[in-house]
Amino acid sequence: MRETFQRPAEVRRVVLVGHSATATLNFRAPLIADLVAAGCEVEVLAPDWTEAQLACLKALGAQGGAFPLARTGLNPLEDLLTLLVLWRHMRQRRPDVVFTYAAKTNVWGMLAAWLARVPRRVAMVAGLGFAFTETEAFIGLKRAYIRLFLMWLYRIALNRADWVVVQNPDDPKVLINDCGVKSDKIIRVNGTGVALNEWSPYPPHTQPITFTLVARLLREKGVLEFLQAAARIKARHPQARFWLLGPLDDNPGGLKEADLRPWLDDGTVEWPGAVDVKPWLAQTSVFVLPSYREGVPRSTQEAMAMGRPVITTDAPGCRETVVEGVNGFLIPPRDVEALEQAMLRFIEKPELIARMGNASRRLAEERFDVRKTNATLMKVFSRP
């Protein structure tokens with residue numbers, strides 16, 4: 001059953017502002033449907049709608065709009081144009097609630113909503129991303145500059161939000177200490193959540209034992225560690241299978257196809273690119289995400305809902321998905337040997353796959369039911 005939301009009379013129009021139409025439909029469709037079911041007029045703004053995506057949005061009962069956004073750019077003129085277009089749109093539409101997510105939309109969407117005097121402004125920080133993730137020194141200076149700049153922007157923009165929603169217990173410390181966000185406006189939810197009826201558990205898969213990483217191909221997702229550990233295991237257990245699912249990304253931490261080529265050419269890892277992950281997860285034995293930092297990764301939540309054990313890092317956002325030794329294993333970030341050893345445990349004791357997979361599904365039901373997350377968000381939208 002869907003959690004019910006009693007819409008206050010003063011909450012009629014809701015505008016969502018996202019950085020990507022694809023991500024919005026993938027991550028926010030249940031929230032949009034719940035808002036529409038509650039009687040809200042919902043408009044979703046994104047920079048890159050296609051006609052097919054707009055048709056999907058219309059089927060949910062919402063409408064879409066576009067605005068200019070340089071997702072990874074640092075050109076202040078482009079960002080000012082984003083702010084201006086969003087401000088003008090909100091002044092014309094006069095929404096009762098504006099909900100933003102992702103770094104740039106949190107900044108320019110919140111500032112635009114504040115300037116347009118939108119009465120309820122809610123920003124979700126679904127992970128702190130590239131700027132706040134420690135990694136190799138070769139991009140350290142650029143990362144440090146982006147971090148300082150983003151901290152300054154967050155200090156301005158998030159303090160114009162009425163509520164700031166986070167997904168793990170570590171991010172509030174950074175927002176409060178480094179970005180000056182007031183602690184009494186921070187609300188935590190358990191990730192984005194998954195529609196458990198759509199991500200049903202599958203029987204355990206053990207022939208062959210298959211390890212799958214689903215992520216945008218960024219260094220900070222632990223992709224290189226996954227490739228290196230896979231090569232070590234493949235040399236000893238050639239029957240093991242390794243899948244890397246996800247697209248290249250123009251983020252500063254993005255990998256190039258050439259970075260993957262040695263492991264692809266020798267058959268260590270298969271990389272089909274950006275695909276519908278559900279049929280691949282159905283043939284997965286163990287889900288792996290050696291990320292350096294997350295909000296709470298939706299990919300892991302989906303794998304858990306499908307009954308897959310998890311190997312991930314003891315890092316912010318990642319550790320929230322694993323109870324050590326119950327539904328998987330936690331390893332230190334950037335530790336190829338620890339990742340290798342964790343994967344070997346499933347090869348040497350394949351009976352763990354079924355037991356830990358069942359535990360993952362139970363944890364997904366307890367922690368990551370999208371209905372519970374959406375009910376919390378909609379209550380936040382109605383707060384004065």
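Some points to look at:
- Looking at Ala23, Ala33, just one residue is modelled with pLDDT of 95 or more, of a type in the set (Gly, Ala, Ser) and out of contact with any Cys (no Cβ under 6 Å at 6 or more places or on another chain), and that residue is Ala33.
- Index of the failed condition, Gly222 passing every other in (1) open to solvent by 50 Å² or more (accessible area, probe 1.4 Å); (2) under 23 Å from the mean Cα position of the chain (by Cα): (1)
- Count - residues of segment 43-63 that are within 11 Å of Val15 (Cβ to Cβ) and out of contact with any Pro (no Cβ under 8 Å at 6 or more places or on another chain): 4
- Counting only strands (runs of 3 or more DSSP E) that sit wholly inside segment 265-338, those with at least 1 residues that are over 15 Å from Asn190 (Cβ atoms), touching a residue at least 40 places away in the same chain (Cβ under 8 Å) and among the small types (Gly, Ala, Ser) are 328-331.
- Residue within segment 123-136 that is at pLDDT 95 or above and acidic (Asp, Glu) present: no
- Verdict on Val181 being touching a residue at least 60 places away in the same chain (Cβ under 8 Å) and either of a type outside the set (Lys, Arg) or in a loop (DSSP other than H, G, I, E, B) (or both): no
- Verdict on Asp249 being modelled with pLDDT under 95 and within 30 Å of Phe149 (Cβ to Cβ): yes
- Count - residues of segment 208-227 that are in a loop (DSSP other than H, G, I, E, B) and either modelled with pLDDT under 95 or among the small types (Gly, Ala, Ser) (or both): 3
- Condition check for Ser285: out of contact with any Asp or Glu (no Cβ under 7 Å at 6 or more places or on another chain) and modelled with pLDDT of 95 or more: yes
- Flag for Arg88 being assigned to a helix (DSSP H, G or I), open to solvent by 30 Å² or more (accessible area, probe 1.4 Å) and not polar (S, T, N, Q): yes
- Among the residues listed as Leu150, Leu158, the single one being modelled with pLDDT of 90 or more and either surrounded by 16 or more Cβ atoms within 10 Å (Cβ to Cβ) or in a helix (DSSP H, G or I) (or both): Leu158
- Subset tally (residues that are assigned to a helix (DSSP H, G or I), of a type outside the set (S, T, N, Q), open to solvent by 10 Å² or more (accessible area, probe 1.4 Å) and within 23 Å of Gly191 (Cβ to Cβ)) for segment 11-70: 11
- Summed over segment 339-384, residues that are part of a helix (DSSP H, G or I), open to solvent by 20 Å² or more (accessible area, probe 1.4 Å) and touching a Lys or Arg at 6+ places or on another chain (Cβ under 8 Å) total 1.
- Among the residues of segment 161-180, just one is at pLDDT below 95 and among the small types (Gly, Ala, Ser), namely Gly180.
Listed here are the residues, each with its yes/no results for (1) more than 22 Å from the chain's Cα centre (by Cα); (2) crowded, with 16+ Cβ neighbours inside 10 Å; (3) acidic (Asp, Glu); (4) under 19 Å from Val310 (Cα atoms).
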position: Asn177; (1), (2), (3), (4): yes, no, no, no
position: Asp184; (1), (2), (3), (4): yes, no, yes, no
position: Val189; (1), (2), (3), (4): no, yes, no, no
position: Val214; (1), (2), (3), (4): no, yes, no, yes
position: Arg232; (1), (2), (3), (4): yes, yes, no, no
position: Gly253; (1), (2), (3), (4): no, yes, no, no
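- In segment 191-210, the qualifying residues are those that are among the hydrophobic types (A, V, I, L, M, F, W, C) and either over 26 Å from Val310 (Cα atoms) or in contact with a Phe, Trp or Tyr (Cβ under 7 Å, 6 or more places away or on another chain) (or both), and the one that is most open to solvent (accessible area, probe 1.4 Å) is Ile209.
- Test set (1) closer than 30 Å to Asp276 by Cβ; (2) β-branched (Val, Ile, Thr); (3) modelled with pLDDT of 95 or more - Val118 fails condition number: (1)
- Between Gly328, Gly295, Gly307, the distinction of being of a type in the set (Gly, Ala, Ser), open to solvent by less than 20 Å² (accessible area, probe 1.4 Å) and at pLDDT below 95 belongs to Gly295 only.
The values are calculated or read from the model by the stated rules, or taken from the named source; none is laboratory data. All of these numbers come straight from a predicted model, not from anything done at the bench. Cβ coordinates were reconstructed from backbone atoms using ideal geometry, including for glycine residues, and neighbour counts include every protein chain displayed. Just so you know, the surface numbers come from the protein's heavy atoms only, side chains and all, with ligands and any DNA or RNA stripped out. Shrake-Rupley method; radii C 1.70, N 1.55, O 1.52, S 1.80 Å.
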